1. Using a basic spin-label model with each label point 7 Å from the Cα along Cα→Cβ, how many nm lie between Ile44 and Arg110?
2. Would you please give the residues with an amide H less than 5 Å from that of Met21, counting only those at least 5 places away or on a separate chain, with H modeled from the backbone geometry?
Amino acid sequence: MEQVPSQAIGFREVDRDGNPMPEDNEQAARNTGGGSTPAINPFIAALWLLTAILIGGGAWIFANADTFVGPGSGGMPAQFLVFTFVPYAVFAGIAALISLLLWHALQWQRKRA
């Protein structure tokens, strides 16, 4: 049993008035829906915020390292735990920053092509 290719069906999108839409213009097809989609991807915005917090917070803790040194009450002090994880947080922030810049470069290249 042979399958019919999708181009043989002859499906074309139409706008609200029934006029055929141009096939190569995806943006026009999105605009006819009338829906309001956010121009900014909320996940990317949250990732930018997380990146700033990781890098900025890590730099602040490194700059104020002398306030974290002091006698602790029994057990492992919270300051020691925070200071132990700071290098990894800064590294994660830098990795996220590089990933975001790569993602924005790919989006820019896709729009220009």
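1. Once both label points are built, they end up 0.9 nm from each other.
2. Glu13, Val14, Asp15
Each reported figure results from applying straightforward, stated rules to the coordinates on display, with no laboratory input. Computed from a prediction, not measured in an experiment: that's the story for all the values here. Cβ atoms come from the backbone with ideal geometry, glycine included; neighbour counts cover every protein chain shown.
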